[in-house]
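Have a look at the structure below, then the notes.
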Amino acid sequence: MGPDGWQRQPLSEICELVNGRGFKPHEWGETGYPIIRIQNLNGSTSFNFYDGDFNPKILVKPGELLFAWSGSRGTSFGPHIWNGPDAVLNYHTWKVLPINGTDKRFLHQMLRHITGEIEKSAHGASALVHTQKFAMEKRTILVPPLSEQSKIADILSTWDAAIETAEKLLANGETQRRALLAEFLDRRPWALKKLREIGQVRSAGVDKKTIEGERPVRLLNYLDVLRRDHIYAHELAHWVTAKPRQAIECDVRRGDIFFTPSSETRDDIGHSAVAMQDIPDAVYSYHVVRFRPVVEMDLNFRAYAFKSKHFYEQCYEFCEGSGQRYVIAQDYFRDFTVGFPPLDEQTKIGAILLANDQLIEEHRRDLDHLRSEKNALMQQLLTGKRRATI
């Protein structure tokens, strides 16, 4: 049962699903209409082209509604508004044509709302799933009168516009971060210092075990370093135990810099994060390396000093492995060089980069908040629990 005036209808009564065409590699050309593939729904502007005959129904124009019936969970699978050029539809996607007076914008929001349910019943045991046309067409949804469909679409579109703005602000902040890192760390003629000249490198951290009789400690592990630039006590929630000697030798102090010395891919090696405070009840994992500077070095600058192209190139060149796991030997690591500006410049650079990171984090929180609000509104408006005033 739905709200007054709403009807439960199968999708086949409110939209037509138009099949795409299977374009074979020998049909691809250099001219003609672009062929819409999964990667194009995710923003790629790289196309194959087709200049032969085709059913006019598979021609897609900007603003038309598509549904990828085969794709990755939570990303490509599901509804998309086409924002590219006039193109032809490949077999993995349907064009969704509203019928019987259905509002296209409402239909798009409704399909987004039920995509999670569709994924659960779709075929595929891995990250890739697919659903079938007959199953989609017989799926039933609650459909309000057209006037309420339009009002619901107006409300949800307002949140979509705010989310898009927040996404652009976040992307701009991250672009600026990359530019600032390049400007301060790669384009300045700083003196180069070997790590062994400015600090102490130590590995041999603590294992992820809990042994009766040993001291309980929090573990700073690999992902804590990989996912962060700054480390705070409240973020460490993994408890293990350590021997008394380990608790002393593997401690975490304000200003310690931790690195990821190994990874399944070369690109994740050498990421660094700095402890922003003493964490007396914490030790670092044997999967990370601790670098403790013995020279005066600005705390904020420590979070960024090792994120230069120059430093990452050394990590990439000297890591050893066969494709399953790559590791940097400590002897190599100690001889890596890093740009080392005077202390007053370190302080200025650290302050600028930290301020930009704080702005990025603010944009990220805003975006998360807007998405949460949008999801709550969809749950209320698209089920009729909250009625849109006409």
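Per-structure values
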| read-out | value |
| --- | --- |
| Check on ALA127, of a type in the set (Gly, Ala, Ser) and open to solvent by 60 Å² or more (accessible area, probe 1.4 Å) | yes |
| Number of positions in the range 124-152 that are within 15 Å of PHE67 (Cβ to Cβ) and among the β-branched types (Val, Ile, Thr) | 3 |
| Any hit, the range 71-93, residues being of a type in the set (Ser, Thr, Tyr), more than 26 Å from the chain's Cα centre (by Cα) and closer than 24 Å to ASN375 by Cβ | no |
| Residue count for the range 369-387, restricted to those that are open to solvent by less than 80 Å² (accessible area, probe 1.4 Å), part of a helix (DSSP H, G or I) and in contact (Cβ under 8 Å) with a residue 12 or more places away in the chain | 7 |
| One residue from ASP281, ASP267 being part of a strand (DSSP E or B) and either open to solvent by 30 Å² or more (accessible area, probe 1.4 Å) or of a type in the set (Lys, Arg) (or both) | ASP281 |
| Subset of the range 321-368 [among the hydrophobic types (A, V, I, L, M, F, W, C) and assigned to a helix (DSSP H, G or I)] | PHE333, LEU343, ILE349, ALA351, ILE352, LEU353, LEU354, ALA355, LEU359, ILE360, LEU367 |
| Members of the range 3-46 found to be part of a loop (DSSP other than H, G, I, E, B) and open to solvent by less than 60 Å² (accessible area, probe 1.4 Å), listed by number | PRO3, GLY5, TRP6, ILE14, GLY20, GLY22, PHE23, GLY32, ARG37, GLY43, SER44 |
| Residue selected from the range 343-353 under the condition of a type outside the set (Asp, Glu) and open to solvent by 40 Å² or more (accessible area, probe 1.4 Å), by the criterion nearest to LYS193 (Cα to Cα) | LEU343 |
| Test result for THR158, under 32 Å from the mean Cα position of the chain (by Cα) and under 30 Å from PRO10 (Cα atoms) | yes |
| Residue, farthest from ARG202 (Cα to Cα), within the range 312-329, restricted to residues that are surrounded by 19 or more Cβ atoms within 10 Å (Cβ to Cβ) and in contact (Cβ under 8 Å) with a residue 60 or more places away in the chain | TYR326 |
| Residue list for the range 80-109, filter: within 25 Å of THR45 (Cα to Cα), in a loop (DSSP other than H, G, I, E, B) and open to solvent by 50 Å² or more (accessible area, probe 1.4 Å) | ASN83, PRO85, ASP86, TYR91 |
| Residue among PHE301, PHE258 that is in a helix (DSSP H, G or I) and at pLDDT 95 or above | PHE301 |
| Only one of VAL338, VAL294 that is among the β-branched types (Val, Ile, Thr) and either touching a Gly at 6+ places or on another chain (Cβ under 9 Å) or open to solvent by 40 Å² or more (accessible area, probe 1.4 Å) (or both) | VAL294 |
| Test: residue in the range 161-169 that is modelled with pLDDT under 95 and open to solvent by less than 70 Å² (accessible area, probe 1.4 Å) | no |
| Hits in the range 317-365 - residues which are under 29 Å from SER262 (Cα atoms) and charged (D, E, K, R) | GLU317, GLU320, ARG325, ASP331, ARG334, ASP335, ASP357, GLU361, ARG364 |
| Meets criteria (open to solvent by less than 50 Å² (accessible area, probe 1.4 Å) and under 21 Å from GLU197 (Cβ atoms)) for LEU299 | yes |
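The values are calculated or read from the model by the stated rules, or taken from the named source; none is laboratory data. Not measured: the values here are computed from a predicted model. Neighbour counts run over all protein chains shown; Cβ positions are idealised from the backbone, glycine included. All accessible areas refer to the heavy atoms of the entire protein, side chains included, with ligands and DNA or RNA removed. Shrake-Rupley method; radii C 1.70, N 1.55, O 1.52, S 1.80 Å.
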